[in-house]
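Peer 1: Structure below; questions to follow.
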Amino acid sequence: MLQIRELSKTYPNGVQALKRVTLDIPKGMFGLLGPNGAGKSSLMRTLATLQEADSGSVLFEAVDVLKDKEQVRRMLGYLPQDFGVYPKVSAEDLLEHFAVLKGYANRRERREVVDSLLRKVNLWDARKRKLGTYSGGMRQRFGIAQALIGNPRLVIVDEPTAGLDPEERNRFLNLLAEIGEQVVVILSTHIVEDVTDLCPRMAIIAKGEVLLTGEPLKAIEALKARVWRKVVAKDTLARYQSEFNVLSTRLVGGRPVIHVYSESQPEAGFEQIEPDLEDVYFQRLRAHAKAA
């Protein structure tokens, strides 16, 4: 269990990235969902011991994450949002270098670890290829391989599927799900489907604040009978946005389709629909923006 209590962080430029964030994160996949600039990466960097918090506390398996950084790093696997590689080095050689840095001094043991990880992330056949020739999905799978060196008990992945094509995204998410059966995995993303498909628990964060935490299915159930859909004309869209609580707008066949949050039918022509996590996400963001 990872326990985060009242965690706050303000940068020197005055931006308050985290505002008294409190979360309990159990073993398994945990989705941290929020728009760009919500504070997700700030939280991930703090948990990964890469930056200091201003106040608050974080405990992981009785270890003080904010104070005992060396102990945390021995338990941690981290795939940052911008994971760079040396393009002229093979996956095999760079992974072995990371293993040395993780403390695998014995060459035979290190070789076994590297070979096992390359097979686990399905890069064995491409292990001798230079990383500069890898696709985006292959680079992300290599990133997970380096994050898993040393059998970490806490794995943090920050926006891992951004820019991946659908097939690479599915392969990567399946890999994360497999890892999440054994350890705490925090998936930080702005892609709602990633959380819907993978995470039994989640939190929604915006402007450094936790807006919702719990089970995605229960959050969706709470919106039942409150989400309505209508196809509208483009020249009437502004009216709907001013008169109703519009959650989202999507062009379908050149015409706007709007989702509206309402306790009853907003007006004639709206149909009640089954909500999904995207509706939950936008409803929380809209409510938070109005309250601000």
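Peer 1: How many residues are farther than 12 Å from Leu175 by Cα and crowded, with 20+ Cβ neighbours inside 10 Å if we restrict to the stretch 144-156?
Peer 2: 7
Peer 1: Can you tell me how many residues within the stretch 230-258 are more than 22 Å from Ala291 (Cβ to Cβ) and either in contact with a Gly (Cβ under 9 Å, 6 or more places away or on another chain) or assigned to a helix (DSSP H, G or I) (or both)?
Peer 2: 9
Peer 1: Does at least one position in the stretch 74-87 carry a residue that is part of a helix (DSSP H, G or I), in contact (Cβ under 8 Å) with a residue 40 or more places away in the chain and either among the charged types (D, E, K, R) or within 17 Å of Pro160 (Cα to Cα) (or both)?
Peer 2: yes
Peer 1: Name the single residue that is nearest to the chain's Cα centre (by Cα) among those in the stretch 1-10 being closer than 20 Å to Leu59 by Cα and surrounded by fewer than 22 Cβ atoms within 10 Å (Cβ to Cβ).
Peer 2: Leu2
Peer 1: Moving on to the next point. Considering only residues of the stretch 36-50 that are of a type outside the set (Gly, Ala, Ser) and either in a loop (DSSP other than H, G, I, E, B) or not assigned by TED's automatic domain parsing to the domain that holds Ala206 (or both), which is surrounded by the fewest Cβ atoms within 10 Å (Cβ to Cβ)?
Peer 2: By that ranking, first place goes to Asn36.
Peer 1: Something else: If you scan the stretch 51-73, which residues turn out to be out of contact with any helix residue (DSSP H, G or I) (no Cβ under 9 Å at 6 or more places or on another chain) and in a helix (DSSP H, G or I)?
Peer 2: The answer is Lys69, Glu70, Gln71, Arg73.
Peer 1: While we're on this one: I'd like the full set of residues that are modelled with pLDDT of 85 or more and either assigned to a loop (DSSP other than H, G, I, E, B) or polar (S, T, N, Q) (or both), limited to the stretch 141-169.
Peer 2: If the condition is that a residue be modelled with pLDDT of 85 or more and either assigned to a loop (DSSP other than H, G, I, E, B) or polar (S, T, N, Q) (or both), then Gln146, Leu148, Ile149, Gly150, Asn151, Pro152, Arg153 are the ones that fit.
Peer 1: List the number of the failed condition for Val260; all other conditions in (1) over 24 Å from the mean Cα position of the chain (by Cα); (2) over 22 Å from Lys19 (Cα atoms); (3) at pLDDT below 95; (4) not aromatic (Phe, Trp, Tyr) hold.
Peer 2: (3)
Peer 1: On the basis of being under 17 Å from Leu76 (Cα atoms), of a type outside the set (Gly, Ala, Ser) and in contact with a Lys or Arg (Cβ under 7 Å, 6 or more places away or on another chain), does Val184 make the cut? Working first, answer last.
Peer 2: Working: under 17 Å from Leu76 (Cα atoms): yes; of a type outside the set (Gly, Ala, Ser): yes; in contact with a Lys or Arg (Cβ under 7 Å, 6 or more places away or on another chain): yes.
Considered against the rule, which asks whether it is under 17 Å from Leu76 (Cα atoms), of a type outside the set (Gly, Ala, Ser) and in contact with a Lys or Arg (Cβ under 7 Å, 6 or more places away or on another chain), Val184 comes out as yes.
Peer 1: Which of the residues belonging to the stretch 213-229 are assigned to a helix (DSSP H, G or I) and within 18 Å of the chain's Cα centre (by Cα)?
Peer 2: Residues of the stretch 213-229 assigned to a helix (DSSP H, G or I): 216-221.
Selection gives Pro216, Leu217, Ala219.
Peer 1: Which count do you get for residues in the stretch 11-44 that are of a type in the set (D, E, K, R) and within 13 Å of the chain's Cα centre (by Cα)?
Peer 2: Residues in the stretch 11-44 being of a type in the set (D, E, K, R) and within 13 Å of the chain's Cα centre (by Cα): 1 in total.
Listed here are the residues, each with its yes/no results for (1) touching an Asp or Glu at 6+ places or on another chain (Cβ under 6 Å); (2) under 17 Å from Pro275 (Cα atoms); (3) among the charged types (D, E, K, R).
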position	(1), (2), (3)
Ser188	yes, no, no
Ile191	no, yes, no
Asp194	no, yes, yes
Ala203	no, no, no
Val231	no, yes, no
Arg250	no, yes, yes
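Peer 1: While we're looking at this one, here's another question. Do you know which residues across the stretch 279-292 are in contact with a strand residue (DSSP E or B) (Cβ under 7 Å, 6 or more places away or on another chain) and surrounded by fewer than 17 Cβ atoms within 10 Å (Cβ to Cβ)?
Peer 2: Arg286, His288
The values are calculated or read from the model by the stated rules, or taken from the named source; none is laboratory data. Just so you know, these numbers come straight off a predicted model, no measurement behind them. Reconstructed Cβ throughout: ideal geometry from the backbone, glycine too, with neighbour counts over all protein chains shown.
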